[in-house]
Amino acid sequence: MPSDNKHVLIEAVAAFNRPRDREYYFGLYADNAVLHRAPPLSPGIESIKQWYRSLWAAFPHVQLTLGNVMAEGSFVANHFILKGTHTRPFLGNAPSGRSIEVAGVTILRFEAGKCVERWSQTDLYGMLKQIGAI
């Protein structure tokens, strides 16, 4: 049901925001999930884990806030704000100590209660600019 998928996303983001529970975030995704995003990731949960672990390492107290979560059929869509402080290397950039606030939009497609495909548009350019990489 659409509302079940919406609940799965909301619970996963709650785990994302609790450093001690972050590994539970990966329960959102099917093992073969595909994330359509920039920079591109290889399909599968291991690539997803690698990306998010690098993000959490660089921004240890990063927080993700969801807005207007909408569900219809097998899809869930929302906009979000990502906030954190850059304290460790990220994408080859030395720690800056600067805070970031980045907006984005995500659409997730679910099968059997797991995200199997996700499309995201995030202001990565803005993030890199905020940490002084650009």
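Just give me the residues in the stretch 81-95 being in a strand (DSSP E or B) and open to solvent by 20 Å² or more (accessible area, probe 1.4 Å), in sequence order.
Ile81, Lys83, Thr85, Asn93
Could you give me the residue pairs with C-beta distances under 9 Å whose first residue belongs to the stretch 106-125 and is free of Cβ contacts under 8 Å to residues at least 60 places away in the same chain and on the phi > 0 side of the Ramachandran plot, whose second residue is among the small types (Gly, Ala, Ser) and outside any strand (DSSP E or B) wherever it lies, and which are 6+ apart or on separate chains?
none
The values are calculated or read from the model by the stated rules, or taken from the named source; none is laboratory data. Since the structure is predicted, the reported quantities are computational estimates derived from the model, not experimental observations. Methodologically, a virtual Cβ is constructed for each residue, glycine included, from the backbone with ideal geometry; neighbour enumeration extends over all protein chains shown. Areas reflect the complete protein model, heavy atoms only, side chains present, ligands, DNA and RNA absent. Shrake-Rupley method; radii C 1.70, N 1.55, O 1.52, S 1.80 Å.
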